[in-house]
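To start, the structure itself, in structure tokens.
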Amino acid sequence: MDERVIKWGILGTGGIASAFARDLNFAKNTEKAAVGSRTKESAAKFAEEHGVAHAYGRL
């Protein structure tokens, strides 16, 4: 069977994004690859809380 991993990028760090990130824990073959937010600090906090590999703020 194909074991490809779907890498997800999450835009935003609000309630819906948090719920989505938690629900990804129940999905097979997924990876929380990145989160983007207006500020790097908010993205970094979200990434730490939800096990996201990379955090990005506004350029």
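Simple spin-label model, 7 Å along Cα-to-Cβ: Asn25 to Glu41 in nm?
Distance between label points: 2.6 nm.
Check Ala55: other-chain or 5+ apart residues with amide H under 5 Å from its amide H, H built from backbone geometry?
The answer is Val35.
Let's see if you can work this out: charge +1 on each Lys and Arg Cβ, -1 on each Asp and Glu Cβ, no other charges. What is the dipole magnitude of the chain about its Cα centre, in debye to the nearest 20?
With Lys and Arg at +1 and Asp and Glu at -1, about 220 debye.
Which of the trypsin sites (Lys or Arg not before Pro) found in the chain are loop residues per DSSP with 15 or fewer other Cβ atoms within 10 Å of their Cβ? The partial results should precede the final answer.
Working: sites: Arg4, Lys7, Arg22, Lys28, Lys32, Arg38, Lys40, Lys45, Arg58; in loops: Arg4, Lys28, Arg38, Arg58.
Those satisfying the criteria are Arg4, Lys28, Arg38, Arg58.
Of the GluC sites (Glu not before Pro) in the chain, which ones lie in a loop per DSSP and count no more than 13 other C-beta atoms within 10 Å?
Answer in residue order: Glu3.
First compute the accessible area of the chain with a 1.4 Å probe, then give the percent of it belonging to carbon and sulfur atoms. Working shown, then result.
Details: 2560 of 4550 Å².
That share works out to 56 percent.
Can you spot the lysines whose alpha carbon is less than 18 Å from Lys7's alpha carbon? Ignore those fewer than 8 places along the same chain.
List returned: Lys28, Lys32.
Mind checking Rg over Rh on the chain, alpha carbons, Kirkwood formula for Rh?
Details: Rg = 11.6 Å, Rh = 11.5 Å.
Over the Cα atoms of the chain, Rg/Rh equals 1.01.
The values are calculated or read from the model by the stated rules, or taken from the named source; none is laboratory data. Since the model is a prediction, treat every value here as computed from it, not as a measurement. All Cβ positions, even for glycine, are placed from backbone atoms using ideal geometry, and neighbour counts span all protein chains on display. Side chains are part of the model used for accessible areas, which takes the heavy atoms of the whole protein and leaves out ligands, DNA and RNA. Shrake-Rupley method; radii C 1.70, N 1.55, O 1.52, S 1.80 Å.
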